[in-house]
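Notes to accompany the following structure.
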Amino acid sequence: HPYYSPTLTAVQNLLPISTRIAHAVHKQVSRQHTGYTTHNGTLTSPTVKISSIRDIEMFQVYLCLCALEDSIQSVQRELFPLCVMLYPRLHVKWQLVQDMLQAIGWEMHDRLSPNDVATFLPYLSSLTEMFSCDVFQTA
């Protein structure tokens, strides 16, 4: 990418705030799913909170990768199969993933410029579709 490309600029603007976004998303999803328990405890337990924030950051990094590659293939090849393998065993419901992706979108909308958000929106939409509850009912 050229140094001043809109995609590279969007990625450069998202990465420094991705941890703050992850914390805000975790807080919001935990409020939406009060009492939700995974294999390792409630969403607010220290262990689950740390791993959830890490996962939310990982999804954002994959969004950046998708934007830079102009493709969702890395998600299809790497992230999606990993989640399909691990999340059911950890008692993570797909609705939780859907709510996380929606919250990431809103946080990005609140914290990034409209141009930056527009860069990520097609990939966020693809991820939302890929990780939909309907897909996982048949997966």
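The values are calculated or read from the model by the stated rules, or taken from the named source; none is laboratory data. Treat the numbers as computed from the prediction; the structure is a model and nothing was measured. Note: ideal-geometry Cβ built from the backbone for every residue, glycine included; neighbour counts use all protein chains shown. Accessible surface is based on the protein model in full, side chains and every heavy atom, while ligands, DNA and RNA are left aside. Shrake-Rupley method; radii C 1.70, N 1.55, O 1.52, S 1.80 Å.
A few points about this structure:
- Looking across TYR123, TYR87, one residue alone is at pLDDT 95 or above, among the hydroxyl-bearing types (Ser, Thr, Tyr), open to solvent by less than 50 Å² (accessible area, probe 1.4 Å) and in contact with a helix residue (DSSP H, G or I) (Cβ under 9 Å, 6 or more places away or on another chain). It is TYR123.
- Checking the stretch 99-115 against the condition returns a match, with at least one residue being assigned to a loop (DSSP other than H, G, I, E, B), farther than 23 Å from SER132 by Cα and touching a helix residue (DSSP H, G or I) at 6+ places or on another chain (Cβ under 9 Å).
- So MET130, is it touching a residue at least 24 places away in the same chain (Cβ under 8 Å) and hydrophobic (A, V, I, L, M, F, W, C): yes
- Residue in the stretch 50-69 that is exposed (fewer than 14 other Cβ atoms within 10 Å of the Cβ), aliphatic (A, V, I, L, M) and under 19 Å from LYS27 (Cβ atoms) present: yes
- Filter result for the condition that a residue is under 20 Å from GLY105 (Cα atoms) and among the β-branched types (Val, Ile, Thr), over THR7, THR38, THR34, THR47: THR7
- Residues being surrounded by 14 or more Cβ atoms within 10 Å (Cβ to Cβ) and touching a residue at least 12 places away in the same chain (Cβ under 8 Å) - total across the stretch 20-39: 13
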